[in-house]
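Working notes, structure below.
The values are calculated or read from the model by the stated rules, or taken from the named source; none is laboratory data. Model, not experiment: these values are computed from the prediction. Cβ sites come from the backbone with ideal geometry, for glycine too, and all protein chains shown count toward neighbours.
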Amino acid sequence: MQLAEQLKSIRVQNLRELHGRPAQFGAPTSQHLVEYLVDRGVNVSNSNLTRIYQGTEPITDRLANQIESAFSLPEGWLSSDHGFVYTLGTPALQAHTRLASLPKAIQEKLYALIEVLANDKPA
């Protein structure tokens, strides 16, 4: 898969993940996602979203940045593969979520500990 096609696929997969997040709305319909984004200054319409999901319109860098901002996500989040999260079981996902909420200094120490444990070979 070409790099541009891979990026397009990752962005669409991540957008689908975000699609159900606007909690103030009921079912995660395209209209609700569009309303959520437009309320936060994103220039997108239902027809744009349809074409994005059909694969006939890409999520441009600018639109990706606007969507990330609307969801208070770090720059580049929409373009990064988060597929591993979809494979996590409940305990691992809960641990991942808790880890992400800890201060950076503690995260770094836990990552170092995990690395040591992962490399420790039983005798």
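Conditions tested, residue by residue: (1) modelled with pLDDT under 85; (2) in a helix (DSSP H, G or I); (3) within 30 Å of Thr60 (Cα to Cα).
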site	(1), (2), (3)
Glu75	no, no, yes
Asp81	no, no, yes
Phe84	yes, yes, yes
Leu88	yes, no, yes
Gln94	yes, yes, no
Leu99	yes, yes, no
Ala105	no, yes, no
Glu108	no, yes, no
Ala112	no, yes, no
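Restricting to the stretch 29-48, name every residue that is crowded, with 16+ Cβ neighbours inside 10 Å and assigned to a loop (DSSP other than H, G, I, E, B). Selection gives Val42, Val44. In this structure, Leu37 does not satisfy being at pLDDT 90 or above, out of contact with any helix residue (DSSP H, G or I) (no Cβ under 7 Å at 6 or more places or on another chain) and of a type in the set (A, V, I, L, M, F, W, C). Can you confirm whether Arg51 is at pLDDT 90 or above and assigned to a helix (DSSP H, G or I)? The answer is yes for Arg51. Would a scan of the stretch 72-81 turn up a residue that is over 14 Å from Leu7 (Cβ atoms) and surrounded by 13 or more Cβ atoms within 10 Å (Cβ to Cβ)? Within the stretch 72-81, one or more residues are over 14 Å from Leu7 (Cβ atoms) and surrounded by 13 or more Cβ atoms within 10 Å (Cβ to Cβ). Take His19 and decide whether it is at pLDDT below 85, within 20 Å of Ala100 (Cβ to Cβ) and either not basic (Lys, Arg) or not assigned by TED's automatic domain parsing to the domain that holds Ser101 (or both). The answer is no for His19. Of all residue pairs spaced 6 or more apart or on separate chains, those with beta-carbon atoms under 7 Å, a first member in the stretch 81-108 that is more than 29 Å from Lys8 (Cβ to Cβ) and a second member that is of a type in the set (S, T, N, Q) are Leu99/Gln107. Of the residues examined, Glu68 is one that is closer than 17 Å to Val42 by Cα, surrounded by 13 or more Cβ atoms within 10 Å (Cβ to Cβ) and either of a type in the set (D, E, K, R) or touching a Ser or Thr at 6+ places or on another chain (Cβ under 7 Å) (or both).
Which residue is farthest from Tyr36 (Cα to Cα), if the candidates are limited to the stretch 53-65 and must be surrounded by 12 or more Cβ atoms within 10 Å (Cβ to Cβ) and under 16 Å from the mean Cα position of the chain (by Cα)? It comes out as Asp61.
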